[in-house]
Each structure stands twice: as structure tokens, then as C-alpha cells.
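The values are calculated or read from the model by the stated rules, or taken from the named source; none is laboratory data. Given the structure is predicted, the values throughout are model-derived calculations rather than measurements. Backbone-built Cβ (ideal geometry, glycine too); neighbour counts: all protein chains shown.
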Amino acid sequence: MSAPSPAAGSETGRDLSALIVAIAQRSDREAFALLFRHFAPRVKSFLVRSGIATNAAEELAQETLLTVWRKASYFDPTRAAASTWIFTIARNLSIDLKRRERYGDTTPSNGREEDVDEMSGETVLMMAERETRVRAALAKLSEEQATIVRLSFFQEKPHAQIAQELGIPLGTAKSRVRLALSRLRALLEDLK
Amino acid sequence: MSAGLSPGSHPGDETLLRYAAGTLPSGPRLVVQVHLSGCPACRSAVAGFEAVGGALLEAETPAATAPDALSRALSRLDTPALPPRGEAGPAVVRPRGLPDGLVLPPGVALPAPLGSRRMGPMIAIAPGVRVGMVRLDEDPDAQVLLLRIGPGRAIPSHTHSGTEFTQIICGRYGDDFGHYGPGDLVEADGDVDHTPRVEGTEDCICLVAFDGRIRFRGLLGVVTRPFL
């Protein structure tokens, strides 16, 4: 594709949403290329951070963006930002990957499609505009609390990792996780 | 535990965040799904945490992808990457009906997330106590139980290493920590030795899963051992 390579981070959330809508409405391959250039590298590093091997993360980033192509008509820009929608797709695919790693390829990926559909429907109720407010909420957390939120997202067993990273006992880590997440949730709910 | 303004017992913030992040094991994930199907406040919290996931994704430092990554993706756009639906398992959610021995009171429906799940018969393991296994096709090792317990009966004594997640479908129960009713999700730490007892005049039907291993004492241990 000859689409110009945009500078990293130059798109706004609105532009990114418009790209998905363009895919849904007219199978716009140029829009897909732009979306791919923006998100595939981010999805890959997100997955690597959550413990997935580099090669598998590369493949899963492909799968994520291909799912965006196929499922674009399910995306509702009034309900979720592009980044949130794509995050949930990558999440569902990585849940499937972990199951396959555990049980082999024979395990039916029960729920994969349903998860995506469900997510584009009821689960994601936030307006795209609220996404920027979510960033504001994240910015209001202390540095330590932001670290805790990140580790809680990426780690299967976050308490031990948080204790190690912050140099605090496990019990202290547990209560700080509770405090950080309850603050985050309060900040998110204030934004209604 | 902030559960918004809605009364009752809800999943903790950490559980909802792990659900949103995709790190909750499949058993507890199903139990939380059942809770979410009836709890708008928790659905909204999950949506908030998913938006946090989106913000974290957006803030990621882009990783280098393979040089041919985009051209490969473009060449795959017209080939369906998912296997045809018939091969990928049940495409349509088919209600499988109630398991043998499960009687729901009038006005109570089986929660939608359980509709497509395979459930074993409800086996009587003690007077007034029946238990059935819920099988997760995608995670055969998952430990999910459906319990039906009569009024005044105690939930069978058990120990577990991780958190226990109990979603009440109908009826009520109480323990040293509180009293719970339909729609409530109760989390209990493994180090808590609690003996919940069914309250009121109706059977309590609940769905239970564990983050960690569970061991029942007595007959239920024998019944559930082959599955666990």
C-alpha cells in the first residue's frame, strides 16, 4: 500500500475510530494499513509485556488486526474507543492462545467469537470521549499506584511481582493493590 | 471493596480488573460472567477497566514488527483466518437444558452464560445437598460446581488454596461474615475456614469456582475427585 506512514501517535482516537468504520463500510484496505501500522506494533509490545513470547506476540498482533478487519462492522464508535475495542480483541485472542498452549490445538475455542460480540455489545458501555477521561484518571494516580495498575494488568500473579518491584512485603503489596484499584475505580466512576 | 452504590455482594475491584485484563482463570471467569449478566454496576466497572486496558495499549512503546508484517496481513485479508464455524465448535449458543436433578423455582431462569455449558447430573451427596459439575470445553481442568442445598443445610466442609467465588442463583445463605441472596457474588480467601448455611425456606442454588485447588472432605470429596 502506498499510504503515507504516519508519525507514531499522530492519530487521534477519533481518526482511529474512523479507520475502523471505513473498513466496516467499504472494506477500505488503506484504512486497514494505517490502523495496522498504528496498532500492530503496540499490540505486540503489549502482549510481550504480558508474558507472551516475541514470535507468538507477532503472530497474535497479526491475528488481532485481521480480527479487526473481519469484525469491523461490530465496532460502535459511540460506545468504545478504537484502542479499547482492539485491546479486548487482543485480550480474547491471548486467552485462547494460553488455552491452546495448555491443552494443544484440539481444544475448541469456545467463546472466542462470542466474547468479541459480547464485548462490542453490552460490556463496553463507555463513550469514546470518556477514554480521554480514563487517561486523566490514570494521570491522577500516584506513580506507585500507576505501577500497581500496570502490573495488575500484565501479570498473572501480580502481588508477588508488585512486592518485588516496590520492595515491600507481600501482605503490604496486597493492601496497596486494594487501595490503588479502589482509587482507580472511584476516579473512573466520578467521570460518569 | 467499592461496589458502587449497588447493595449486595459483588466481585472485588481486583477480580473485575483481572476479568477485564483476561488474567482471571476460566472457572472464576465463568462465575463472574454469570454475575455480570445480572449486575449493570459491575458491567460498568469492567467497561471502565477495559478502557484502562485501551489506554495502556495506546501508551505502549511500539515494538518492531517483522518487515513483511503489513504485506502479510494485507495478503490475508480475503482469506478467512478463523476456521469455518462448524469446525470451530458451537457457533450458536445452544441451550442444553437443565441438568438432571436441578429444579429451578418459578421465575428463576438459568443464567445465560451457563446456557451453552455441559453440566453433569446433580448428585445427592448428603441429605438436602446436591452437586453437579459444570464442564468447560475450553478448559477441561477447570473446577466449577453447581450446588443445590436445602434450607438449614450447611455447604459441605471443604478447604481451598486460593480464592473461592460463589454466585448465588437463587435462595440465601449466611456465614460468619454476612448474609447473601440472589445475584450476590461472594469471594472467600482460602485461609478462611467458613461454614456457610442456607437461610430461609427455599433451596439455595449457587455456582462455585476456585482460583486454586479445592478439596472437599467426606463424600463430596469422593464424588468430585475424578473431575478435579
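Residues are listed down the side, and each one gets a yes or a no for (1) acidic (Asp, Glu); (2) modelled with pLDDT under 85; (3) under 25 Å from B:GLU14 (Cα atoms); (4) out of contact with any His (no Cβ under 7 Å at 6 or more places or on another chain):
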site	(1), (2), (3), (4)
B:ASP141	yes, yes, yes, yes
B:ARG153	no, no, no, yes
B:GLY162	no, yes, yes, yes
B:GLY171	no, no, no, yes
B:HIS179	no, no, yes, yes
B:ALA188	no, no, yes, no
B:VAL192	no, yes, yes, yes
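Scanning region A:69-90 for residues that are touching a Ser or Thr at 6+ places or on another chain (Cβ under 9 Å), in a helix (DSSP H, G or I) and among the basic types (Lys, Arg) yields a count of 1. Within region A:163-185, take every residue that is closer than 16 Å to B:GLY12 by Cβ, of a type in the set (A, V, I, L, M, F, W, C) and crowded, with 16+ Cβ neighbours inside 10 Å and give me the one that is farthest from the other protein chains (Cβ to nearest Cβ). Top of the filtered list is A:ALA173. Cβ-Cβ distances below 6 Å connect the following pairs, each with a first residue in region A:118-146 that is more than 10 Å from chain B (Cβ to nearest Cβ) and in a helix (DSSP H, G or I), a second residue that is surrounded by 21 or more Cβ atoms within 10 Å (Cβ to Cβ) and at pLDDT 70 or above, and a separation of six or more residues or different chains: A:GLN145/A:ALA180.
Conditions (1) at pLDDT 90 or above; (2) on the phi > 0 side of the Ramachandran plot, marked per residue:
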| position | (1), (2) |
| --- | --- |
| B:SER2 | no, no |
| B:TYR19 | yes, no |
| B:LEU36 | yes, no |
| B:PRO67 | yes, no |
| B:GLY89 | no, yes |
| B:PRO95 | no, no |
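For region A:41-52, a residue qualifies if it is of a type in the set (A, V, I, L, M, F, W, C) and buried (at least 24 other Cβ atoms within 10 Å of the Cβ), and the qualifying residues are A:VAL43, A:PHE46, A:LEU47.
Going by the conditions given, is A:SER83 modelled with pLDDT under 95 and farther than 22 Å from A:ALA18 by Cβ? Criteria not met by A:SER83. Inclusion of A:ALA61 among residues that are within 7 Å of chain B (Cβ to nearest Cβ), under 16 Å from the mean Cα position of the chain (by Cα) and of a type outside the set (Asp, Glu) is warranted.
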